[in-house]
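K.L.:
One structure, pasted below without further comment.
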Amino acid sequence: MINLDSFTKEPGRTGIATDFDGTISAIVPKNSDAKIDEDAKRVLARLQKRYRLVSVISGRPVRQLAELVGLKGLYYVGNHGAEYLTNGRYEVAPEAAGIAPTLARIYQELKINEHNFALDYKTYSLSIHYRTHPSPQAAEIRLSKILCKYKEPDLKILKGRMVFDLYAEAIDKGRAVEHLVKTFGLKNFLYVGDDRTDIDAFKKMQKLESSGVKTLRIALVSTEAPDGLIENCDLQLHSLNEVNNLLRHLL
């Protein structure tokens with residue numbers, strides 16, 4: 001087990017964060033059916049009582065995320081860093097607002113020209129899932145071609161685990177991590193992720209190390225792990241149970 005002493009000895013200056021889908025919730029065929037792992041929920045609840053910050057950072061809308069996790073006192077970050085919610089206080093990152101009309105237009109166009117994809121429109125981001133498509137590989141190729149026409153400087157288009165995510169170029173989980181570290185005055189920061197958008201968090205954490213922040217980048221690795229996930233992490237885990245066990249070592 002990796003040494004966690006620097007985190008456990010300074011709980012008042014330590015932040016613990018995790019992605020939702022694929023880390024504390026099992027990947028399911030339909031995105032709408034996802035549920036938090038009950039063991040993970042119990043561990044997060046205990047961590048929240050001990051540490052300066054416990055956060056869940058996700059591509060889901062922040063209020064939906066808070067409802068799915070179901071724990072008060074956590075700091076929720078939604079839409080890949082566009083939305084923040086804690087103890088009823090809601091904020092939208094200024095950089096996210098400008099892309100909303102573009103995402104609404106793309107959503108309407110894709111909805112009209114139905115391609116058997118699952119569209120998840122979230123105001124500040126748009127996710128297009130194809131896990132339940134009759135031919136996922138063909139769907140990925142088709143989607144890549146369709147989305148090419150929407151490329152523009154202010155719009156980010158990323159391929160994740162059987163999903164394409166569209167959101168503002170100026171928004172990512174790395175910026176969210178930096179915001180949390182600065183806002184809470186953290187000296188130590190640990191993050192668990194499993195997908196393409198989590199690499200941004202890992203890269204930002206590596207830069208924060210140079211400013212004196214101790215970080216631990218944990219990747220939950222699967223057969224769908226994107227390029228760059230393993231290369232940018234400090235520790236690889238291979239199941240949700242392993243994530244829960246590691247988090248228990250912080251108690």
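K.L.:
Restricting the search to the range 54-73, which residues are crowded, with 22+ Cβ neighbours inside 10 Å and in contact (Cβ under 8 Å) with a residue 60 or more places away in the chain?
P.N.:
Ser55, Ile57, Gly59, Arg60
K.L.:
While we're on this one: Based on this model, can you work out whether Asp172 counts as at pLDDT 95 or above and not aliphatic (A, V, I, L, M)?
P.N.:
Here the answer is yes, as Asp172 does meet what is asked.
K.L.:
Restricting to the range 5-31, what's the tally of residues that are more than 14 Å from the chain's Cα centre (by Cα) and closer than 19 Å to Phe184 by Cβ?
P.N.:
Within the range 5-31, residues that are more than 14 Å from the chain's Cα centre (by Cα) and closer than 19 Å to Phe184 by Cβ number 10.
K.L.:
Please indicate, with yes or no, whether at least one residue in the range 234-251 is in the same structural domain as Leu47 (by TED's automatic domain parsing), without any contact (Cβ under 8 Å) to a residue 40 or more places away in the chain, assigned to a loop (DSSP other than H, G, I, E, B) and not basic (Lys, Arg).
P.N.:
Yes - at least one qualifying residue is present in the range 234-251.
K.L.:
Any residue at all in the range 74-87 that is more than 27 Å from Gly212 (Cα to Cα), surrounded by 15 or more Cβ atoms within 10 Å (Cβ to Cβ) and out of contact with any helix residue (DSSP H, G or I) (no Cβ under 8 Å at 6 or more places or on another chain)?
P.N.:
no
K.L.:
Keeping to the range 112-131, report how many residues are at negative phi, part of a loop (DSSP other than H, G, I, E, B), surrounded by 15 or more Cβ atoms within 10 Å (Cβ to Cβ) and not basic (Lys, Arg).
P.N.:
Residues in the range 112-131 being at negative phi, part of a loop (DSSP other than H, G, I, E, B), surrounded by 15 or more Cβ atoms within 10 Å (Cβ to Cβ) and not basic (Lys, Arg): 3 in total.
K.L.:
Please determine whether any residue of the range 182-200 is outside any helix (DSSP H, G or I), surrounded by fewer than 20 Cβ atoms within 10 Å (Cβ to Cβ) and among the aliphatic types (A, V, I, L, M).
P.N.:
So far as the range 182-200 goes, no, none of its residues is outside any helix (DSSP H, G or I), surrounded by fewer than 20 Cβ atoms within 10 Å (Cβ to Cβ) and among the aliphatic types (A, V, I, L, M).
K.L.:
Does Glu109 satisfy being acidic (Asp, Glu), out of contact with any Gly (no Cβ under 7 Å at 6 or more places or on another chain) and in a strand (DSSP E or B)?
P.N.:
no
K.L.:
Does Asn87 meet the test of being on the phi > 0 side of the Ramachandran plot, of a type outside the set (Gly, Ala, Ser) and modelled with pLDDT of 95 or more?
P.N.:
In short, no.
K.L.:
Search the range 138-149 for residues that are of a type outside the set (Gly, Ala, Ser) and pair each with any residue that is buried (at least 16 other Cβ atoms within 10 Å of the Cβ) when their beta-carbon atoms are under 7 Å apart and the residues are at least 6 apart or on different chains.
P.N.:
Glu140/Tyr130; Leu143/Phe117; Leu143/Ile128; Leu143/Tyr130; Leu143/Phe164; Leu147/Ile157; Leu147/Phe164
K.L.:
How about the range 32-70: which of its residues are within 26 Å of Thr215 (Cβ to Cβ), assigned to a loop (DSSP other than H, G, I, E, B) and within 17 Å of the chain's Cα centre (by Cα)?
P.N.:
Matches in the range 32-70: Ile36, Asp37, Ser58, Gly59, Arg60.
K.L.:
Checking the condition hydrophobic (A, V, I, L, M, F, W, C) and closer than 18 Å to His80 by Cα, which residue from Val213, Val181, Val243, Val221 passes?
P.N.:
Val181
K.L.:
Sticking with this structure for a sec: Test Lys182 against the criterion of being touching a helix residue (DSSP H, G or I) at 6+ places or on another chain (Cβ under 6 Å) and modelled with pLDDT of 95 or more, and give yes or no.
P.N.:
The answer is no for Lys182.
The values are calculated or read from the model by the stated rules, or taken from the named source; none is laboratory data. Not measured: the values here are computed from a predicted model. Cβ sites come from the backbone with ideal geometry, for glycine too, and all protein chains shown count toward neighbours.
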